[in-house]
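Below: the structure, in C-alpha cells.
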Amino acid sequence: MDWTTGTLALIGIGLCAAFVNGALGYGFSSLTVPVALLFHSNRVLNPALVLVELFINLYVLFINRGSIRAVWRRVYRIVLGLLPGIAVGSVLLASLDPAWTKLATYSLLLPLILVQAAGLRHPLKSERLVALPFGAGLGFLYSVTTISGPPLAVFFNNQGLVKQDFRAGLAIIRVAESGLTALAYWHLGLFTAQTFGLASTLLPCVLVGVPLGAWVIRKLDAETFRRVCMSFDVWVVGFGLCRVLAELRLAQGPSAYGPLIAAILLDAYLLLVFFRSRRTLAHA
C-alpha cells in the first residue's frame, strides 16, 4: 500500500465513520465523503463507497432482521422510487465535471445536516403519496453523492419510527440503493482498479469500526453522540465547500470561507440549544 497523506486520511476517517455507522445505523458516507473528496473525485470515490456500503448495509439488515416485517409496508414505495432516481443520477455522475459534482455534493449535504441538527419535525399525513417522489430524490442523491443517511434520518424521525424499526427501515432502503447503484455503476463502466483499491483500504476499517461502534453506544447517550457527530460533519462539509468554491474560482480569498464561518456559527447555536434542552429534561 502507498502510505500517502490521502491514504492515511482515508483510513482515519473510514475508521471514525464505520464506528459512527455501527453506533447509529448510518453515517458512513456522510462522514467519509467530505474528507475523501479532498483527495479523490466522486467518479472514483463513489463506486468504492457503494461496494463497502453494500457490505455494511447487509450486516445492519441482518442484525435488525426481526423488524423487517413491521416496517416493510412503510418503506417498499420508497424502494420502488429509488429506481428512476438512481438511473438519472448515475448517468449524470459519469458525465459531469468532477469539480462541479463536488460542489453539488457539499451544497446538498450541508443544509441536510443542519436541518437534522435542528431537529425539525412535521409528521406527514400522506406518507404513501410522498414515498415515491421521496425515493426518487433519495436515489438521485445517493447515486451522485453516495449519501442518503441525513435525509432518511430526518424522514424516519419525522414519522416517529422507534429505534429498532428505524434501523430496519434504514437498512432495507440502503441495501436496495447501494445494490442498485452498484449495478448502474457497473453498467456505466465506473468500476476501475483505483476504485477497488479504495474499497480494499476502507473494508478493514469497516470490519473494525462497525462492531466497535455497536458495542460502545450501549454505554453512551445515543442522542448526544449523534449530535456531536453532526457538528463534526458540519465543519468538515463547510471546509470542503470552501475548498471547491476556491477551486472553481467562484469565491477568492477570505470570502471563500464565508460558508464555513456561517455553518460553524449556526451549528454552535443549534448545539447550544440542544444541550440546554437536554439539561432541562434532566432536571424535569
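The values are calculated or read from the model by the stated rules, or taken from the named source; none is laboratory data. Keep in mind that this is a model prediction, so the values were computed, not measured. We place every Cβ from the backbone using ideal geometry, glycine too, and count neighbours over all the protein chains shown. What goes into the accessible areas is simple: the full protein's heavy atoms, side chains included, and nothing from ligands, DNA or RNA. Shrake-Rupley method; radii C 1.70, N 1.55, O 1.52, S 1.80 Å.
Only Cα pairs within less than 10 Å get springs; with that Gaussian network setup on the chain, which residue of Ile68, Ile86, Ile147 has the largest fluctuation?
Comparing Ile68, Ile86, Ile147 in the GNM, the peak value goes to Ile68.
I'm spelling it out carefully: the read-out is semi-axes √(5λ) of the Cα gyration tensor in Å, the candidates are (1) 26, 24, 20; (2) 27, 25, 17; (3) 43, 24, 16, and one was derived from this structure. Which label?
So the structure-derived entry is (1).
Hydropathy at least 1.6 by Kyte-Doolittle, axial extent at least 27 angstrom from the Cα trace: which helices of the chain, defined as entire DSSP H runs, fit? List each step's numbers first, then the result.
On the way: long enough: 5-24 (28 Å, 1.72); 42-63 (31 Å, 1.57); 68-95 (40 Å, 1.22); 98-118 (30 Å, 1.13); 163-187 (36 Å, 0.21); 193-216 (35 Å, 1.48); 222-247 (37 Å, 0.78); 258-283 (38 Å, 1.06).
Going by DSSP H runs, the hits are 5-24.
Per residue, what accessible area does region 1-160 have, given a 1.4 Å probe and all protein chains present, in Å²?
Working: 6700 Å² over 160 residues.
Value returned for region 1-160: 42 Å² of accessible area per residue.
Find the relative contact order for the chain and round it to a whole percent, using C-alpha pairs within less than 8 Å whose residues are 6+ positions apart. List each step's numbers first, then the result.
Values: 373 pairs, mean separation 94.3, N = 284.
RCO, the chain: 33 percent.
Could you tell me which residue out of Leu138, Phe196, Tyr106 lies farthest along the dipole of the chain toward its positive end? Charges go on the beta carbon: Lys and Arg +1, Asp and Glu -1, centred on the Cα centre.
Working it through, the farthest residue towards the positive pole turns out to be Leu138.
What percentage of the solvent-accessible surface of the chain, computed with a 1.4 Å probe over protein heavy atoms, is contributed by carbon and sulfur atoms? All intermediate terms of the calculation are to be shown ahead of the outcome.
Details: 9230 of 13400 Å².
The computed percentage sits at 69.
Accessible area per residue, 1.4 Å probe, Å², for region 225-284: what's the number?
60
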